[in-house]
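Everything on this sheet refers to the single structure shown next.
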Amino acid sequence: VQLQASGGGLVQAGGTLILSCRVSGISLSQYNMGWYRQTPGNQREMVATINRGYDPKYSDFAQGRAAITRDNPANTMVLRMVGLSSEDTGVYYCNAQLRQTNYWGQGTQVTVSS
């Protein structure tokens, strides 16, 4: 099973982040999916999730400025987040979850520059 995240890098403050996660080795339709992040000095936290029924949930900091989508046939998931600030700097991880099974991507660094 592989979760390959892409789209990180340097983003200007106030700009837009678009992250993609391509999944292989599992059937995406069976899994709940999500984006998590670890910012400097903090534990990993949820950014947004989308379940098998396509219902999204957002953390408080992402609510209103993030959108998570999934494309089961293409085995991909995308996170779009606007209005980035330095507080959004961190490593972003994609996740696939089914009951007690969790698969994680390798993480992609996002750095917001002012």
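The values are calculated or read from the model by the stated rules, or taken from the named source; none is laboratory data. In this text the structure is predicted, and so the values were computed from the model without any measurement. All Cβ positions, glycine included, derive from the backbone under ideal geometry; neighbour counts span all protein chains shown. Just so you know, the surface numbers come from the protein's heavy atoms only, side chains and all, with ligands and any DNA or RNA stripped out. Shrake-Rupley method; radii C 1.70, N 1.55, O 1.52, S 1.80 Å.
Yes or no: the stretch 47-65 includes at least one residue that is more than 24 Å from V112 (Cα to Cα), touching a Leu at 6+ places or on another chain (Cβ under 8 Å) and surrounded by 12 or more Cβ atoms within 10 Å (Cβ to Cβ).
Step one: of the stretch 47-65, the residues more than 24 Å from V112 (Cα to Cα) are 50-56.
From what is left, the residues that are touching a Leu at 6+ places or on another chain (Cβ under 8 Å) are none.
Looking through the stretch 47-65, none of the residues is more than 24 Å from V112 (Cα to Cα), touching a Leu at 6+ places or on another chain (Cβ under 8 Å) and surrounded by 12 or more Cβ atoms within 10 Å (Cβ to Cβ).
Quick check: anything in the stretch 80-99 without any contact (Cβ under 8 Å) to a residue 24 or more places away in the chain, out of contact with any Cys (no Cβ under 9 Å at 6 or more places or on another chain) and either surrounded by fewer than 16 Cβ atoms within 10 Å (Cβ to Cβ) or not in a strand (DSSP E or B) (or both)? Yes; the residues of the stretch 80-99 include at least one that is without any contact (Cβ under 8 Å) to a residue 24 or more places away in the chain, out of contact with any Cys (no Cβ under 9 Å at 6 or more places or on another chain) and either surrounded by fewer than 16 Cβ atoms within 10 Å (Cβ to Cβ) or not in a strand (DSSP E or B) (or both). Filter the stretch 4-26 down to the residues that are in contact (Cβ under 8 Å) with a residue 40 or more places away in the chain, out of contact with any Lys or Arg (no Cβ under 9 Å at 6 or more places or on another chain), open to solvent by 30 Å² or more (accessible area, probe 1.4 Å) and not in a strand (DSSP E or B) and list them by number. Matches in the stretch 4-26: G7, G8, A13, G14. Contact annotation: residue pairs with Cβ atoms under 9 Å, 6 or more positions apart or on different chains, pairing a residue in the stretch 31-56 that is β-branched (V, I, T) with a partner that is in a loop (DSSP other than H, G, I, E, B), are T39/T89; V47/S59; V47/F61; V47/A62; T49/D55.
Can you name the residue in the stretch 23-53 that is charged (D, E, K, R) and within 11 Å of the chain's Cα centre (by Cα) and is also farthest from R99 (Cα to Cα) among such residues?
Going residue by residue through the stretch 23-53, those that are charged (D, E, K, R) are 37, 44-45, 52.
Within this subset, residues satisfying the condition of being within 11 Å of the chain's Cα centre (by Cα) are 37, 45.
Values: R37: 21, E45: 19 Å.
Checked the stretch 23-53; the qualifying residue farthest from R99 (Cα to Cα) is R37.
In the stretch 100-114, which residue that is more than 14 Å from the chain's Cα centre (by Cα) and assigned to a loop (DSSP other than H, G, I, E, B) is surrounded by the fewest Cβ atoms within 10 Å (Cβ to Cβ)? The residue in question is Q100.
Note on the stretch 67-79: residues that are of a type in the set (A, V, I, L, M, F, W, C), closer than 18 Å to G107 by Cα and free of Cβ contacts under 8 Å to residues at least 60 places away in the same chain total 2.
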